[in-house]
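What follows is calculated from the coordinates using simple rules that are stated; it is not laboratory data. Given the structure is predicted, the values throughout are model-derived calculations rather than measurements. With ideal geometry, Cβ positions are generated from the backbone for all residues, glycine too; neighbour counts draw on all protein chains shown.
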Amino acid sequence: MKSPLSFAFLLQTLLLTAQIPVSLPDNPEENKTKLSHTGNNLEITWPLADAGEARMVLNLEEGKPLFRSMGIVEKGNLKEIVQELDPAFIINVGKRTLKPENGWTVFFDKVPERPYTSHVLKFSKKDLKVTKGGQRTKIIIEEITAPGFTGNIEITIYNGQPLLNIAAVVSTPKDSTAILYDAGLAGEQAWEKVSFINNDNQFREISPSAKDTSTNEAVKYRTIIGNSKKGAIAVFPPPHQYFYPLDEAFNLKFTWYGSNYRKMIPEYGIGIRQDPEGDHRFVPWFNAPPGTEQRLNFFCLLGTNGSQTLMNSVKEYTHADTYVPLKSYKTMASHFHNEFIMNVVMADTPVPEQPGFVDVFKQMGVDIVHLGEFHYTAHPTGPDHQRLSELDALFKQCRRLSDAGFLLLPGEEPNEFLGGHWMAIFPKPVYWIMSREENKPFLTEDTTYGKVYRVKDKQEMLRLLELENGLAWTAHPRIKGSTGYPDKYKNEDFFRSDHFLGGAWKAMPADLSEQRSGLRVLDLLDDMNNWGHKKKVIAESDLFTVTHENEMYAHMNINYLQMDHLPDFEEGWQPVLDAMIEGRFFSTTGEILIPSFSVNKKTSGQTVEAAKNGEADIALTVDWTFPLNFINIVSGDGEKVFKERINLDDTKAFGTKEFQFSVNLSGRKWVRVEVWDVAVNGAFTQTVYLKD
């Protein structure tokens with residue numbers, strides 16, 4: 001007779017070895033990914049662009065590492081790269097301060113200064129489902145949990161590349177929650193070598209031991225690589241989505257490798273991380289509203305030609321963290337409080353011949369930089385001699401540092417007269433003071449500086465913009481110091497003026513459940529269109545220090561202005577403002593380009609007559625790196641906003657295509673387009689206006 005203890009042991013053994021329910025796709029011919037389910041193994045094989053195949057075997061037995069193996073098949077020979085690894089996730093859970101004036105639209109929050117908890121997400125294999133859509137195959141495994149959170153593991157495979165995305169998709173019923181996560185791959189054995197490019201841009205390889213305690217590493221390209229005898233696997237995050245919005249881009253050691261990471265993951269692992277304390281200033285983390293599916297995710301890329309070759313392959317997904325040249329376009333980045341003038345030039349310190357921040361922009365492929373100098377550091381309201389000397393120093397340095405291939409444009413975030421925060425740019429150097437005593441005129445002639453304007457209110461500010469053909473727009477609208485703006489002044493003369501451009505886009509706040517980023521400003525663009533104003537939105541970075549050591553690319557974005565040539569600084573840069581005013585540009589995180597876009601053959605910023613039946617032909621050319629997710633066609637009738645989503649799951653990584661759609665726009669007054677990829681990188685056009 002068996003003892004109760006023996007029976008309990010037998011029952012536990014049966015439960016652990018029992019096969020979980022597996023649901024395979026009902027459309028197996030959808031793509032060329034092959035699936036084979038035998039016992040507790042699920043083998044997934046997908047085609048690569050070079051005629052090879054990538055292969056992954058999942059172990060469905062409870063308590064065993066999920067990834068039995070991953071590898072690449074070359075000429076019929078399997079090179080096994082990964083063996084016996086588990087995905088590993090740590091979630092940090094804090095409390096969001098939901099204030100009545102801004103709710104979830106928050107930047108000035110310090111989540112880690114309040115009590116927060118950190119948990120390893122626990123994985124239990126209860127059920128597995130495989131779906132196919134286009135060139136993707138998704139494996140969904142139930143379930144993964146942490147206190148207050150439940151969800152699934154999702155593994156997405158992208159045909160054409162040895163690329164996969166691993167996500168813990170979790171939600172919480174709790175309100176006012178902010179989260180942060182670390183993730184990676186962990187197993188009992190250490191890698192042969194661990195590779196990365198350090199912050200000095202040097203390729204490094206170390207030979208680890210399974211006993212090595214974990215190390216947090218500052219790297220370039222946000223990537224850590226584990227090497228085995230037959231190949232390597234790179235682990236990296238979505239290049240922008242993983243980085244919650246900040247106004248500094250410090251490199252805070254965003255990767256880790258080793259054992260006992262945070263004393264929470266005992267096995268040897270490699271992965272991505274965020275320091276919960278951030279940079280010890282405003283640290284807002286990610287929004288996690290109740291019921292939303294938060295995607296804690298990272299990408300993996302396999303390779304068999306050495307870690308340096310694999311690293312180069314990873315770099316291709318972000319054009320090596322540069323903004324690639326595009327015929328008939330020039331790249332422009334805006335809103336930088338580098339404070340070179342006050343911190344260096346006016347501080348009686350040696351002025352470098354070529355400042356580091358200029359090198360950073362040039363190496364990233366930025367043609368035009370619009371500064372936001374004197375941000376709480378200078379004397380915008382006077383005394384007059386100080387204000388004018390500071391402006392003069394700014395103009396001289398911008399002139400000196402501009403050349404035939406690079407334009408450094410003076411600019412400010414004045415934040416006077418209008419309400420909220422706003423940016424300004426003029427097409428040439430303009431001397432102006434943000435105050436005017438009653439006994440002084442609006443315009444005087446100075447023997448040293450020439451024309452000098454003194455501005456006392458919003459009416460005179462508009463007059464200055466008109467006289468000098470300048471532009472203003474709302475900086476970080478509806479958040480930070482612009483909470484409530486431009487809505488509060490949408491009926492003001494200055495806002496209705498053609499000299500008020502509109503607003504500026506940055507992915508802020510951040511929410512990992514969204515498949516688009518920067519919704520705050522995209523929604524504003526739609527609202528402004530429905531208000532009947534032909535306003536524009538440019539991309540802004542809103543950053544302070546600009547250095548080689550910083551993680552610049554993750555926190556930046558770019559505008560591609562339709563221009564054949566860079567203007568000469570001495571002759572003024574009116575063509576830059578013209579492209580902005582006329583809407584001849586698109587904005588992007590960098591990975592997606594939109595070289596052409598038209599509605600009935602009219603381009604962004606233009607007005608087109610709609611067909612009597614409401615049909616409109618939309619054409620756009622898209623160039624991309626990560627596989628695309630969808631195109632969003634956004635339109636409005638003056639009151640409502642309409643969105644038509646076009647699924648692009650049939651796209652593979654790295655492509656160029658002209659898309660053409662026939663869309664019914666009956667009753668609509670405007671239309672614009674967005675393009676998003678699987679890493680939530682995106683690009684958007686300006687608006688085409690419709691008339692009856």
Within segment 609-639: backbone nitrogen closer than 19 Å to the residue 658 label point (7 Å, Cα to C-beta): 616-624
Between segment 487-501 and segment 507-583, the alpha-carbon center distance in angstrom: 19 Å
Mean Cβ count within 10 Å, highest first, over the residues of peptides 303-310, 657-664: 303-310, 657-664
Listed residue (513, 395, 135) projecting farthest to the positive dipole end of the chain, Cβ model: 135
Dipole axis of segment 329-588 (+1 Lys, Arg; -1 Asp, Glu on Cβ), positive-most option in 579, 380, 545: 579
Calculated diffusion of segment 87-233, Stokes-Einstein form, Kirkwood radius summed over Cα pairs, 4 °C and 1.567 mPa s, µm²/s: 71 µm²/s
Ordering of 64-75, 488-499 by packing [mean C-beta count within 10 Å, highest first]: 64-75, 488-499
Whole-number percent relative contact order across the chain, with pairs defined as alpha carbons under 8 Å at least 6 apart: 11 percent
Segment 565-692: relative contact order in percent, alpha carbon pairs under 8 Å with at least 6 residues between: 32 percent
Value of Rg/Rh across segment 20-316 [Cα atoms, Kirkwood radius]: 0.97
Net +/- balance of residues flanking residue 331 in space, Cβ distance below 13 Å, scoring K and R +1, D and E -1: +2
Residues of segment 657-692 with amide N under 17 Å of the 7 Å Cα→Cβ point at residue 612: 665-667, 691-692
Separation of the residue 279 and residue 110 label points, Cα + 7 Å toward Cβ, nm: 1.6 nm
Taking N as its residue count, the alpha carbon Rg of segment 329-588 over 2.2 N^0.38 Å: 0.98
Residue-span extension gain [residue 359 to residue 328] - 0.36 nm each, minus C-alpha spacing: 8.8 nm
Order by protection proxy (mean Cβ within 10 Å, highest first), peptides 78-90, 404-416, 200-212: 78-90, 404-416, 200-212
Modelled FRET efficiency - R0 35 Å, residue 253 with residue 399, Cβ distances, 0.05 increments: 0.35
Two-decimal log10 I(q)/I(0) for segment 295-412, as the Debye equation yields it once each C-alpha is a single scatterer, q = 0.13, 0.14, 0.15 Å⁻¹: -0.66, -0.72, -0.77
Residue-averaged [θ]222 nm for the chain, counting only DSSP H segments that reach four residues, each worth -39500 (n - 2.57): -4000 deg cm²/dmol
Förster-model FRET efficiency, 60 Å R0, residue 457 and residue 206, C-beta, rounded to 0.05: 0.45
Prolate/oblate/rounded label for segment 471-594 (Cα gyration tensor, a/c 1.5): oblate
Inter-centroid distance (Cα atoms) of segment 107-186 relative to segment 372-427, Å: 45 Å
Fewest-first sequence of 651, 547, 603 by Cβ atoms within 10 Å of each Cβ: 547, 603, 651
Extension gain from residue 564 to residue 447, taking 0.36 nm per residue of separation minus the Cα-Cα distance: 38.4 nm
Neighbour net charge for residue 192 - beta-carbon separation under 12 angstrom, K R +1, D E -1: +2
Dipole magnitude of segment 329-588 about its Cα centre (Cβ charges: Lys, Arg +1; Asp, Glu -1), debye to nearest 20: 540 debye
Approximate spin-label separation residue 174-residue 386, in nm, with each point projected 7 Å along Cα-to-Cβ: 4.8 nm
Only Lys, Arg (+1) and Asp, Glu (-1) charged, at Cβ; the chain dipole about Cα centre in debye: 1600 debye
Antiparallel DSSP beta bridges within segment 329-588, percent to nearest 5: 50 percent
Test item: Cα-centred dipole of segment 547-629, Lys/Arg +1 and Asp/Glu -1 on Cβ, debye: 480 debye
Segment residue 596-residue 213, extension gain: residue separation times 0.36 nm, minus the distance between their alpha carbons: 132.8 nm
Cα-based Rg / Dmax (Å) for the chain: 27.1, 110
Relative contact order [Cα under 8 Å, 6+ residues apart], segment 402-478, whole percent: 33 percent
Estimated FRET transfer efficiency when R0 is 41 angstrom, pair residue 122-residue 26 (beta carbons, to 0.05): 0.85
Positive-end residue of 497, 626, 326, charge dipole of the chain with Cβ unit charges: 626
